[in-house]
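What follows is a short report on a single structure.
The values are calculated or read from the model by the stated rules, or taken from the named source; none is laboratory data. None of these values were measured; they are calculated from a predicted model. Every residue, glycine as well, gets a Cβ built from its backbone with ideal geometry; the counts of neighbours run over all protein chains shown.
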Amino acid sequence: MKLFDVYPVNNIVIDKALYSNVWDDQGTEYLDLYGGHAVISIGHTHPHYVKRLTDQLHKIGFYSNSIKMPLQEQLAALLGKVSGKEDYQLFLCNSGAEANENALKLASFHNGKKKVIAFRKAFHGRTSLAVAATDNPKIVAPVNETDNVVFLPWLDEAALEQAFKDHEVSSVIIEGIQGVGGIRVASESFLQKIRSLCDANNAVFIADSVQCGYGRSGKFFSHDYAGVNADIYTMAKGMGNGFPIGGIIISPKIAPSYGMLGTTFGGNHLACAAALAVLEVIESEKLMQNAATVGEYLMSELKKFEQVLEVRGRGLMIGIELPEELAHVRKNLLGTHKIFTGEAKPNVIRLLPSLALTQAHADQFLEAFRKEVK
Ligand SMILES: Cc1ncc(COP(=O)(O)O)c(C=O)c1O
């Protein structure tokens, strides 16, 4: 059997990792500023994470949601504490798309309405409604097409107000910082506007925090910078530091009922152990503060390069917009300097490292970047 060939891959086999470094099968060391699409939050193979998962595996790895699971309750309590959303309710699933799918569906169950407002360049995942709310026609199959999603220009308050006049809006879904769309920070006033329009129109504010959440921006949810709460936050990526787990946290005003949402794998013992280990390390190693400090340092240093068109982001979610003639830089960072970074088309380098990135690693990157843009 062959693999279904959907991924363009780098010709590198990684077989070892520790914190912000990975090694290939030839023993070459790399600096990982990408974390496999923003997934590595506390660092690769963090000892506390490895121990917690190993201990759990020796006890029980999986059972379904048909029994009581104290680990889920522990996770909900710790997540409430670390995120500051203690009165919210947690539903666990397995990926970011699934989190958004559940959020959009729950919003519609809650208010009985159908229209979803999403934004240009948004990415919300590849399942049916999540992909319909994603602004990339290439990944929307005919069967996913729907009139229920309305796309609006990014940060256009007048268009948002008009959409609420034109439609019976069920939910508004927005990334606090667009990731795939090129690291674009949602303004505080726009998020506040969404809050007030959702309140006035019985619509649900969904904060897609799959990429920008879990401490990456320097606050637990990047939407928190606006000083307003969303009704549902969706999470995945950094939540399990590589173990597949996603979830949504739901405001107390949305009431559950049996059978409304469900999943076989979501919230299993191993996934909860991974997610608990991540939150424990975020707390004990003060990783949100580290993301804010090292991120600010990186951004201020990057802004000094006159060749860079724009530096965008918050914390350790950084986009470096380069001119066309420097389009090769990202490839050389990997090939010559052994540094993994991400990209957003056409010419944005995306930095999404572990939240534990050290200043020394930031300097290693800046030195390589300096050589490449010279
Ligand atoms: C903002 C955002 N939402 C949702 C998703 C989908 O997550 P997953 O790939 O885990 O389904 C992604 C993935 O890149 C994302 O960046």
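When segment 195-219 is filtered for residues that are away from the ligand (no atom under 12 Å from the Cβ) and either surrounded by fewer than 22 Cβ atoms within 10 Å (Cβ to Cβ) or of a type in the set (A, V, I, L, M) (or both), the ones remaining, listed by number, are Arg195, Ser196, Leu197, Asp199, Ala200, Asn201, Asn202, Ala203, Val204, Lys219. Can you find, within segment 168-186, the residue that is surrounded by the fewest Cβ atoms within 10 Å (Cβ to Cβ) among those that are in contact with a helix residue (DSSP H, G or I) (Cβ under 8 Å, 6 or more places away or on another chain) and part of a loop (DSSP other than H, G, I, E, B)? Out of the qualifying residues, it is Ala186.
One residue alone among Lys338, Lys303 is in the same structural domain as Leu33 (by TED's automatic domain parsing), surrounded by fewer than 21 Cβ atoms within 10 Å (Cβ to Cβ) and on the phi > 0 side of the Ramachandran plot, and that residue is Lys338.
Among the numbered criteria (1) more than 12 Å from the ligand (Cβ to nearest atom); (2) assigned to a loop (DSSP other than H, G, I, E, B), which single criterion is violated by Gln192? It fails just one condition, (2). For segment 169-188, the tally of residues that are under 21 Å from Asn102 (Cβ atoms) and either more than 12 Å from the ligand (Cβ to nearest atom) or free of Cβ contacts under 8 Å to residues at least 40 places away in the same chain (or both) stands at 4. Within the option set Leu129, Leu155, being assigned by TED's automatic domain parsing to the domain that holds Ala226, under 24 Å from Ser222 (Cα atoms) and buried (at least 20 other Cβ atoms within 10 Å of the Cβ) holds for one residue only, Leu129. Scanning for something among the basic types (Lys, Arg), within 14 Å of the ligand (Cβ to nearest atom) and in contact with a Gly (Cβ under 9 Å, 6 or more places away or on another chain), does segment 123-146 turn up at least one residue? No, every residue in segment 123-146 fails to be among the basic types (Lys, Arg), within 14 Å of the ligand (Cβ to nearest atom) and in contact with a Gly (Cβ under 9 Å, 6 or more places away or on another chain).
Each residue in segment 1-57 was checked for being among the aromatic types (Phe, Trp, Tyr) and over 19 Å from Ala368 (Cβ atoms), and 3 pass. Could you list, in sequence order, the residues of segment 158-167 that are in contact with a helix residue (DSSP H, G or I) (Cβ under 9 Å, 6 or more places away or on another chain) and more than 19 Å from Asp135 (Cα to Cα)? Scanning segment 158-167 gives Glu161, Phe164. Here the helices (runs of 4 or more DSSP H) wholly within segment 265-374 that include at least 3 residues being at pLDDT 95 or above and among the small types (Gly, Ala, Ser) are 269-284, 287-302, 359-373. The helices (runs of 4 or more DSSP H) located wholly in segment 10-126 that include 3 or more residues which are more than 30 Å from Asn229 (Cα to Cα) occupy 47-59.
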